[in-house]
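Scroll down for the structure; my scribbles are underneath it.
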Amino acid sequence: MTKADIVNEISKNTGIDKATVLTTIESFMDSVKKSLSANENVYLRGFGSFIVKRRAQKTARNISKNTTIIIPEHNIPAFKPAKVFVSKVSKL
């Protein structure tokens, strides 16, 4: 399902025009991005959490050049689904 599919579905179910729904979804995604970039997690009860995970420094290999490189520690965004969400998906 794409963002356009989600916009169409919400618009059809609520009767709100697609432009307003698209603006709302874009605003939601911007809010999540800003929160995560400020190292703040986003919690949506019954759905899940958008969290920032810390990756430790590690050594990797460039196979084509046969060299070793060090990847520094860094943050990555992650999503952790709520138990209710997981139970609904696992029943499918």
Problem set entry | Some residue of region 67-76 being open to solvent by less than 50 Å² (accessible area, probe 1.4 Å) and under 18 Å from F28 (Cβ atoms) | no
Exercise. Are there any pairs, at least 6 apart or on different chains, whose C-beta atoms fall under 7 Å, with the first in region 78-91 and under 23 Å from K33 (Cα atoms) and open to solvent by less than 90 Å² (accessible area, probe 1.4 Å) and the second small (G, A, S) and assigned to a strand (DSSP E or B), and if so, which?
Worked result: F79/G48; P81/G48; A82/G48; F85/G48
For this session: Output the residues belonging to region 44-62 that are of a type in the set (V, I, T) and open to solvent by less than 60 Å² (accessible area, probe 1.4 Å).
Result: I51, V52
Exercise. Just a yes or no: is a residue in region 41-48 of a type in the set (F, W, Y) and within 20 Å of V89 (Cβ to Cβ)?
Worked result: yes
Problem set entry | Qualifying positions in region 15-43 - more than 17 Å from the chain's Cα centre (by Cα) and open to solvent by less than 70 Å² (accessible area, probe 1.4 Å) | G15, A19, T20, V21
Exercise. Counting residues that are among the aromatic types (F, W, Y), which strands (runs of 3 or more DSSP E) fully inside the chain reach at least 1?
Worked result: 42-44, 48-55, 74-81
Exercise. Taking the condition over 28 Å from P72 (Cβ atoms), at pLDDT 95 or above and either among the β-branched types (V, I, T) or surrounded by 12 or more Cβ atoms within 10 Å (Cβ to Cβ) (or both), does K12 pass?
Worked result: no
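The values are calculated or read from the model by the stated rules, or taken from the named source; none is laboratory data. Note that this is a predicted model, so its numbers are computed, not measured. We place every Cβ from the backbone using ideal geometry, glycine too, and count neighbours over all the protein chains shown. Quick note on the areas: whole protein, heavy atoms, side chains included, nothing else; ligands and nucleic acids left out. Shrake-Rupley method; radii C 1.70, N 1.55, O 1.52, S 1.80 Å.
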